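Undergrad: Sharing a structure here in structure tokens format.
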Amino acid sequence: MSEDTTETAVVQGGFEDLGLCEPVLRAVESSGYRAPTPVQRQAIPLILAKRDVIGASQTGTGKTAAFALPILTLLKKHGALRCLVLEPTRELAQQVEKSFNTYGEYLDMRVTLLHGGVGYGPQRAGLKAGTDIVVATPGRLLDHLGQGTLALDKIEILILDEADRMLDMGFMPDVRRIIRSCGKKRQNMLFSATIGPEIHRVADWLLQDPTEIMIGGGKALAETISHAIYPVDDRQKFDLLLAILKEIEYKSVIIFSRTKVGADIIARWLQAADHSAVILHSDRSQKERESALLGFRSGEVEILVATDIVARGIDIAGVSHVINFDIPEHPDDYVHRIGRTGRMENLGDAVTLYTASDQTFLQGIENLIGRKIDRKTLDSFDYNWSPVLEEQRKPQVKRRNHGFHTSTALNRGRRRRR
């Protein structure tokens, strides 16, 4: 791969200095953006020069615009299907399609969105009418290929977005089938919030002499986010969640659960405690998912309870707090989850509830981000004794236990539980 570009090598300036066409610049101005982010500043000139690119950047840095703006400039006007963007989830696909339409407002361009959970009719109609850009999830795109409703042999630009999530969700075999259906002579881009060995292997197969862009090493967290770990006995997790919500001054909160059943239970308990909360996970219907996002984005609902379907790339402005009710099993998911707050240089807070069974997961997260996260407790909360609370105390000299004495901590815990 070509030598990495770095933030220190960036020449300062506005969007007008990056080589974008006038209609795209006008759309950017209409959207209220004044200055490109680091990933945009680095990626846009490379894409306009028709280079293959592998881009790594933490979430909330404007990654979608980093490829959408130059692609619209390269395509310029309506023609054949020339650009394919692959996304792991329907929410991400919807967001990217919206971005292309926003930035292409003053161009004669057509974008077609293909994802599951909805009927085929409108999608077939859009393809039949002629489209320049297809934004798709792998499964639904393969369905259309099998039905013969589109061909990819004239694809000139291919973007594999959220590549690490594609790997996590097991989509890579489908992605490879799709890519083999594309034209051989094309420009390729791979974007991911994190870059590891598996992603590099995909890049080696997909990209030709790419330039690698790394913002924060491909795993860094936005400096605008403050982090805190709240140790607690697992039987008190929900009680502590309610106490934290009462303590913090939040505008909007995303609470992450490890499972769909867990998300349903948390939301139901929050509603019973007079909190306005909606649910988002893959078992919800498309209508329910859209309704939940609409209510949360509009501010009508203050709390969104979700699984990791929301962790990757979904753009929800103004999220003040992210709370990990369940600590994520995979360290990369921590980066993605908390990236829902502190976006575009705004301040945000990330809170993680931590129980004794989570020790390995927390160690993995701290190894990934390269630092220990502050442990905190609420003075007003009546804690049960737990080993994770003892971790915050100063280390004691270990004594051999022959079974004749019970530890002071255990006795204290028993007294509290009486």
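The values are calculated or read from the model by the stated rules, or taken from the named source; none is laboratory data. Keep in mind that this is a model prediction, so the values were computed, not measured. Counting neighbours? That spans all protein chains shown, and the Cβs are built from the backbone with ideal geometry, glycine included.
Undergrad: Hey, any hits in the stretch 72-84 for a residue that's small (Gly, Ala, Ser) and under 24 Å from residue 172 (Cβ atoms)?
TA: Let us first name the residues in the stretch 72-84 that are small (Gly, Ala, Ser), namely 79-80.
If we keep only those that are under 24 Å from residue 172 (Cβ atoms) as well, we get none.
No, every residue in the stretch 72-84 fails to be small (Gly, Ala, Ser) and under 24 Å from residue 172 (Cβ atoms).
Undergrad: Right, another one. Return yes when residue 166 is in a helix (DSSP H, G or I) and either over 20 Å from residue 54 (Cα atoms) or of a type outside the set (D, E, K, R) (or both) and no when it is not.
TA: yes
Undergrad: Same structure, new question: Quick check: is even one residue across the stretch 56-71 touching a Cys at 6+ places or on another chain (Cβ under 9 Å) and either small (Gly, Ala, Ser) or at pLDDT 95 or above (or both)?
TA: So far as the stretch 56-71 goes, yes, one or more of its residues are touching a Cys at 6+ places or on another chain (Cβ under 9 Å) and either small (Gly, Ala, Ser) or at pLDDT 95 or above (or both).
Undergrad: Suppose we filter the stretch 23-44 for residues that are of a type outside the set (Ser, Thr, Tyr), over 16 Å from residue 191 (Cβ atoms) and in contact (Cβ under 8 Å) with a residue 24 or more places away in the chain; how many remain?
TA: Matching residues across the stretch 23-44 total 5.
Undergrad: Mind checking whether some residue in the stretch 213-225 is in contact with a His (Cβ under 6 Å, 6 or more places away or on another chain), in contact (Cβ under 8 Å) with a residue 40 or more places away in the chain and either within 26 Å of residue 375 (Cα to Cα) or not assigned by TED's automatic domain parsing to the domain that holds residue 302 (or both)?
TA: Of the residues in the stretch 213-225, the ones in contact with a His (Cβ under 6 Å, 6 or more places away or on another chain) are none.
Within the stretch 213-225 (the criterion being in contact with a His (Cβ under 6 Å, 6 or more places away or on another chain), in contact (Cβ under 8 Å) with a residue 40 or more places away in the chain and either within 26 Å of residue 375 (Cα to Cα) or not assigned by TED's automatic domain parsing to the domain that holds residue 302 (or both)), the answer is no, since none of the residues qualifies.
Undergrad: I'd like to know if the stretch 72-79 contains one or more residues that are modelled with pLDDT under 95 and crowded, with 16+ Cβ neighbours inside 10 Å.
TA: The answer is no, given that none of the residues of the stretch 72-79 is modelled with pLDDT under 95 and crowded, with 16+ Cβ neighbours inside 10 Å.
Undergrad: What residue, among those in the stretch 37-71 that are part of a loop (DSSP other than H, G, I, E, B) and not small (Gly, Ala, Ser), is surrounded by the fewest Cβ atoms within 10 Å (Cβ to Cβ)?
TA: Let us first name the residues in the stretch 37-71 that are part of a loop (DSSP other than H, G, I, E, B), namely 37, 49-52, 57-62.
Subsequent filtering for residues that are not small (Gly, Ala, Ser) retains 37, 50-52, 58-59, 61.
Numbers: 37: 19, 50: 12, 51: 18, 52: 21, 58: 25, 59: 24, 61: 22.
Result: 50.
Undergrad: Still on this structure: On the basis of being in a helix (DSSP H, G or I) and either in contact with a His (Cβ under 6 Å, 6 or more places away or on another chain) or assigned by TED's automatic domain parsing to the domain that holds residue 362 (or both), does residue 265 make the cut?
TA: yes
Undergrad: Turning to a different aspect of this structure: Does the stretch 102-125 hold any residues that are over 21 Å from the mean Cα position of the chain (by Cα), among the polar types (S, T, N, Q) and either over 14 Å from residue 141 (Cα atoms) or assigned to a strand (DSSP E or B) (or both), and which are they?
TA: The one that is over 21 Å from the mean Cα position of the chain (by Cα), among the polar types (S, T, N, Q) and either over 14 Å from residue 141 (Cα atoms) or assigned to a strand (DSSP E or B) (or both): 112.
Undergrad: Kindly indicate which of 34, 26 is among the charged types (D, E, K, R), surrounded by fewer than 21 Cβ atoms within 10 Å (Cβ to Cβ) and not in a helix (DSSP H, G or I). Spell out how you get there, then give the answer.
TA: On the way: 26 fails: not in a helix (DSSP H, G or I).
Exactly one of 34, 26 is among the charged types (D, E, K, R), surrounded by fewer than 21 Cβ atoms within 10 Å (Cβ to Cβ) and not in a helix (DSSP H, G or I), namely 34.
Undergrad: Scan the stretch 265-278 for residues that are in contact (Cβ under 8 Å) with a residue 24 or more places away in the chain and either more than 16 Å from residue 316 (Cβ to Cβ) or basic (Lys, Arg) (or both) and jot them down.
TA: 266, 267, 269, 270, 273, 275
Residues are listed down the side, and each one gets a yes or a no for (1) without any contact (Cβ under 8 Å) to a residue 24 or more places away in the chain; (2) out of contact with any strand residue (DSSP E or B) (no Cβ under 9 Å at 6 or more places or on another chain):
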position	(1), (2)
139	no, yes
164	no, no
175	no, no
184	yes, yes
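Undergrad: Hey, another quick one. Quick check on this structure: which one of 204, 209 is surrounded by fewer than 14 Cβ atoms within 10 Å (Cβ to Cβ) and at positive phi?
TA: Just a single option satisfies the conditions, and that option is 209.
Undergrad: In this structure, does residue 151 turn out to be in a loop (DSSP other than H, G, I, E, B) and either within 27 Å of residue 201 (Cβ to Cβ) or assigned by TED's automatic domain parsing to the domain that holds residue 50 (or both)?
TA: So residue 151 passes the test.
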